[in-house]
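All of the numbers you see were taken from the coordinates with simple rules; none came from a lab. Just so you know, these numbers come straight off a predicted model, no measurement behind them. Here Cβ is always computed from backbone atoms with ideal geometry, including for glycine, and neighbour counts include all displayed protein chains.
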Amino acid sequence: MAQKNKSESKGRNSLYPKKPSGKLYTYRKWVSYGLLLLLFSFPFLRFNGEQLVLLNFIERKFVFFGLIFTPQDFYLFALAMLIFIMFIVCFTVVLGRLWCGWACPQTIFMEMVFRRIEYWIEGDANKQRKLDAQKWNVDKILKKSIKHFIFLVISFAIANTFLAYIIGSNLLVKIITEPVSQHVSGFLSICLFTFIFYGVFAYVREVVCTVICPYGRLQGVLLDNQSLVVAYDFSRGEPRGHSQKSAADLKFGDCIDCGLCVQVCPTGIDIRNGTQLECVNCTACIDSCNEVMLKLNKPKNLIGFFNQDFIKERKQYRIGMKSYGYAAVLFIVMLVFSSLIYKREDIQTIVLRASGTLYQSRGKDKTSNLYNAELINKTNKTIKFRFKSQSDTDEIDFIQKADILPKEGSAHVTFFLIRKNNSIKKYKTDVVFEIIADGKILSTAATSFFAQPAEE
Ligand code: SF4
Ligand code: SF4
């Protein structure tokens, strides 16, 4: 009978997964190091004078690799989020929950940072189990204190990085370096998030993946018989048995029921019971079973990346129609997104006619309309600009003038557009305004001009 990695006497916190090892675990470690490096460095690197990635939900300002998205670009941000979700869906349909086991920050921190510190201080699963069961003594107090102190320090680092993404690294550095009294709410946020992360990684652990995270719950909807998932090849492994010698009359499968695949599982499941919501596709069970197969001189991958069609009917893997459908939709949304990004102007100009009279007569030969304009600078540079009508025969009489657009700021302009009566042929005509800086048209805005047409 396979040995479980759960304690019988305690609650859910008693999972003691055995330290994994093997080829896939080594690959996972390197992938994790790379992702951790990116995660911790992104908010502190600068590109075009801006933080590389900023997700300031409070001020609705988002920065991705030099591109600044203001509240006016919220539709672009929403579309980018949609693309991200669709990518994950597409990825899941083809490769199951590989994201969870290999790229999700929760798993990376849990398995590659916190769990490894635990192995380092308390030893492998059996030693941890023993330590938890024994009475408090100097050794236990020392080990537990060191572990939880290191957990708190790392949680503090994660909380700071998390806040650097949200409020920006410049403000974070100010909060850390200036007196607490000047940044009480910032200081409290750091403390709060430190304790949240500490609670998650020290106590809640795999429950985040198995109960809280909605992505795992979506698996049942997204996966089909062709999706590649970590699975046990039961047609090769069953009937399982400890020893073929002691039951020579029985034809055993390749699984010797050693239980190693269960012991290394960080979510405490037995993959031989089939695909389960709790499986995060970490591949630890593949590694441990491969080691067993190697010792038994049997082919590897009794547990491996398989689709159900292969396990049940030995059908060769092919990408299903559902995946092509999702990929096509994703491609179309990405095309729309790219064209919107391409067309996006650094300055957004909105010109609206002022309410009140439609038009004003100016002497015998001219008519004017009153407008309000708002200019929004989406760059991190101050821009000196000129505001003009596209038609050179139009005159502009400013009531409120502006020629400087502050970085990431806005400017308001109120003005009369004056036209000669003899050029007015229709009651309603189009008018286009241009924002010019350094001889280049940075933005245009169209609206209407109303006037009584000149009599022939
Ligand atoms: S590690 Fe392999 S052989 Fe051992 S119980 Fe799991 S599936 Fe069977
Ligand atoms: S069943 Fe295997 S792949 Fe799934 S979570 Fe457990 S060890 Fe990881």
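Taking amide H as placed 1.01 Å from N in the peptide plane, the amide H of L228 sits under 5 Å from that of L95, G96, each at least 5 places away or on another chain.
Calculated from the alpha-carbon coordinates, segment 347-450 shows an Rg and a Dmax of 14.0, 46 Å respectively. Other residues whose C-beta falls under 13 angstrom from the C-beta of N372 contribute a net charge of +1, scoring Lys and Arg +1 and Asp and Glu -1. Here segment 372-420 has an Rg and Dmax of 12.0, 40 Å, counting Cα atoms alone. Charges were assigned to the Cβ only: +1 to each Lys and Arg, -1 to each Asp and Glu. The resulting dipole of the chain about its Cα centre is roughly 1180 debye. Taking the Kirkwood radius as Rh and the Cα radius of gyration as Rg, segment 141-186 has a ratio of Rg/Rh equal to 1.13.
With R₀ fixed at 51 Å, the C-beta to C-beta distance from S14 to L82 puts the FRET efficiency at about 0.80. All alpha carbon pair distances within segment 1-143 were sorted into 5 Å bins beginning at 0; the resulting P(r) in whole percents reads 2, 8, 11, 13, 15, 13, 11, 9, 7, 6, 4, 1, 0. With a cut-off of 12 Å between beta carbons, the residues surrounding D397 carry a summed charge of +2, where Lys and Arg count +1 and Asp and Glu -1.
Beyond 30 Å in Cα-Cα separation lie the following of the pairs K18/K298; K378/K428; K343/K384; K23/K140; K381/K420: K378/K428; K23/K140; K381/K420. Among E395, E111, the order by Cβ neighbours within 10 angstrom, fewest to most, reads E395, E111. Normalised by residue count, the chain yields a Cα convex hull volume of 205 Å³ per residue.
Couplings for segment 384-393, taken from phi via the Karplus curve 6.51 cos²θ - 1.76 cosθ + 1.60 with θ = phi - 60°, read 8, 9, 10, 10, 8, 7, 5, 8, 5, 7 Hz in order; Gly and Pro are left as x.
Put in line by how crowded their Cβ is, counting other Cβ atoms within 10 Å and starting with the fewest, M110, M321, M86 read M321, M86, M110. Once the Cα atoms are used to define both axes, helix 184-199 deviates from the longest principal axis of the chain by about 30 degrees.
Net charge around E238, counting only other residues with Cβ within less than 12 Å of its Cβ (Lys, Arg = +1; Asp, Glu = -1)? Neighbour charge sum, excluding E238 itself: +1.
Footprinting exposure proxy ranking of S181, S448, S339, fewest other C-beta atoms within 10 angstrom first, gives S181, S339, S448.
Across segment 115-131, coupling constants 3J(HN,Hα) worked out from phi with the 6.51/-1.76/1.60 Karplus curve, θ = phi - 60°, read 5, 6, 5, 4, 4, 5, 8, 9, x, 6, 3, 4, 5, 5, 4, 5, 4 Hz, and Gly and Pro carry x.
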